[in-house]
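Asks: Next up is a structure, given as structure tokens.
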Amino acid sequence: MIESRTVVVTANIFPGLETEKEVLAPYNVELVKRPCQTQEQLAEAGKDAVALLVGNVHINAEVISHFPHCLAIVKPSVGVDNIDIDAATAAGVCVANVPDYGTDEVATHAMALLLNAIRYVDAEATAVRGGRWQPKPPYPIQRSAGRTLGIIGFGRIGQSVARKASGFDWRLLAWDPYLGDEEIRQGGAEPAEFETLLGQSDFVTLHLPLTEETQGMIDASALAQMKPSAFLVNTARGGVVDSAALLKAVESGQIAGAAVDVVDEEPPPPDHPLYRTDRILVTAHVAWYSEQAFRDVRVKAVEEVARVLGGQLPLNLLNPEVKPRFKARSA
């Protein structure tokens, strides 16, 4: 058992700490909330922490060097692109996330954006509130049945989208370089090459982590391979899509439109370029949220801290090669 120290919550989504205190009660630690928006604030906040529950501030080697007692950095989300995992490993610090708390929510939000793209529900509701009642809408609404949905990234969320989409009489294509063709088929989709998926899909939905490989992968070249009638949905990470290229593709008519729950800068400025056209729908990174998911992510994140305090490794350890350094550090 680790001596009594401090567990620091820097993530801004936590309204209170009752849930976290309940889970950590047996471990004789002080739990404090120190919301951070800069690396300097984070370095100061974590200087006495044995573990941190962090938000989106970038955590690099310099920041980690200010955490002499830290055994674990846990992010209550799926994406950990703001954490330098190699630097944490070198320091003997475990990095963990919560990969499974919002699978249903994100897949459902992606489906909502897809269906809105087909039926223009947001535009119709806005028009009715503005006094226009027009049973034949001024949009080129096409029949949903028989369309092709391309799913880029076929992990938990991508496969959940496939299950939800299976009842819509769509052809489902999927691309994931880390899965074999048979695994994709077992998930309910046809395996397809990246370029084939882009060229044949009426709708493309993204479910990828943000990595060096995926940064900006939906660029001008990728968008040029899509149909002029195609629609792009991104509920993954903003950095996967080149925003400038997306705006140009939509405004020029190269693709029909897009809906994104994530952008390259969050929160975006009021004059973000993607707001320039009503053919790009933007929601505020809310795809992950439900009342149940909000509780789940908090409980599962703090349970990872509890495991470390109890001398175990996190269940969702992202840097397993840290084990020898972690043992030396915790000793």
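The values are calculated or read from the model by the stated rules, or taken from the named source; none is laboratory data. Model, not experiment: these values are computed from the prediction. Cβ: placed from backbone, ideal geometry, glycine included. Neighbour counts: every protein chain shown.
Asks: Does Ala49 satisfy the criteria of being in contact with a Gly (Cβ under 6 Å, 6 or more places away or on another chain) and among the aliphatic types (A, V, I, L, M)? So that I can check it myself, show each step before the final result.
Replies: Numbers: in contact with a Gly (Cβ under 6 Å, 6 or more places away or on another chain): no; among the aliphatic types (A, V, I, L, M): yes.
Judged against the criteria, Ala49 is not a match.
Asks: I need the full set of residues from the range 28-52 which are in contact with a helix residue (DSSP H, G or I) (Cβ under 6 Å, 6 or more places away or on another chain) and in contact (Cβ under 8 Å) with a residue 60 or more places away in the chain, in order please. Steps first, answer last, please.
Replies: Initially, the range 28-52 is screened for residues in contact with a helix residue (DSSP H, G or I) (Cβ under 6 Å, 6 or more places away or on another chain), giving 31, 34, 36, 39, 42-43, 51.
Listed by number, the list holds a single entry, Ala51.
Asks: Among all residue pairs at least 6 apart or on different chains, which show Cβ distances below 7 Å where the first residue, located in the range 122-141, is within 15 Å of Gly257 (Cβ to Cβ) and modelled with pLDDT of 90 or more and the second is of a type in the set (A, V, I, L, M, F, W, C) and not in a loop (DSSP other than H, G, I, E, B)?
Replies: Asp122/Leu281
Asks: With free of Cβ contacts under 8 Å to residues at least 24 places away in the same chain and within 25 Å of Met111 (Cβ to Cβ) as the only criterion, which of Tyr275, Tyr289 stands out?
Replies: Working: Tyr289 fails: free of Cβ contacts under 8 Å to residues at least 24 places away in the same chain.
That would be Tyr275, the only listed residue that is free of Cβ contacts under 8 Å to residues at least 24 places away in the same chain and within 25 Å of Met111 (Cβ to Cβ).
Asks: Just for the range 231-261: of the residues that are without any contact (Cβ under 8 Å) to a residue 40 or more places away in the chain and more than 27 Å from Pro140 (Cβ to Cβ), which one is surrounded by the most Cβ atoms within 10 Å (Cβ to Cβ)?
Replies: Per the criteria, the residue is Val240.
Asks: Can you name the condition, by its number, that Ser77 falls short on among (1) in contact with a helix residue (DSSP H, G or I) (Cβ under 9 Å, 6 or more places away or on another chain); (2) outside the structural domain of Leu318 (by TED's automatic domain parsing); (3) polar (S, T, N, Q)?
Replies: Evaluating Ser77 over (1) in contact with a helix residue (DSSP H, G or I) (Cβ under 9 Å, 6 or more places away or on another chain); (2) outside the structural domain of Leu318 (by TED's automatic domain parsing); (3) polar (S, T, N, Q) leaves (2) as the failure.
Asks: Which pairs turn up if I take residues in the range 144-159 that are over 16 Å from Leu113 (Cβ atoms) and look for partners that are surrounded by 23 or more Cβ atoms within 10 Å (Cβ to Cβ) and of a type outside the set (Asp, Glu) with beta carbon separation below 6 Å, at least 6 apart in sequence or on another chain?
Replies: Correct list of pairs: Thr148/Ser201; Phe154/Ala174; Phe154/Ile184.
Asks: Filtering the range 92-115 down to residues that are assigned to a helix (DSSP H, G or I) and surrounded by fewer than 19 Cβ atoms within 10 Å (Cβ to Cβ), which residue is farthest from the chain's Cα centre (by Cα)? First the steps, then the outcome.
Replies: First pass over the range 92-115, keeping only residues assigned to a helix (DSSP H, G or I): 103-115.
Right, trim to surrounded by fewer than 19 Cβ atoms within 10 Å (Cβ to Cβ) and you get 104, 108, 112, 115.
Values: Asp104: 13, Thr108: 14, Ala112: 16, Leu115: 20 Å.
It comes out as Leu115.
Asks: Residue pairs, Cβ under 6 Å, 6 or more apart or interchain, first in the range 204-225 and free of Cβ contacts under 8 Å to residues at least 40 places away in the same chain, second among the acidic types (Asp, Glu) and in a loop (DSSP other than H, G, I, E, B). List them.
Replies: Within 6 Å, the pairs are Gly216/Asp242; Asp219/Asp242.
Asks: For the range 295-329, name all the residues that are within 25 Å of Gly102 (Cβ to Cβ) and without any contact (Cβ under 8 Å) to a residue 40 or more places away in the chain.
Replies: Selection gives Arg307, Gln312, Pro320.
Asks: Just to be sure, is Leu149 in contact with a strand residue (DSSP E or B) (Cβ under 8 Å, 6 or more places away or on another chain), outside any helix (DSSP H, G or I) and either at pLDDT 95 or above or not aromatic (Phe, Trp, Tyr) (or both)?
Replies: Numbers: in contact with a strand residue (DSSP E or B) (Cβ under 8 Å, 6 or more places away or on another chain): yes; outside any helix (DSSP H, G or I): yes; either at pLDDT 95 or above or not aromatic (Phe, Trp, Tyr) (or both): yes.
Yes, satisfied.
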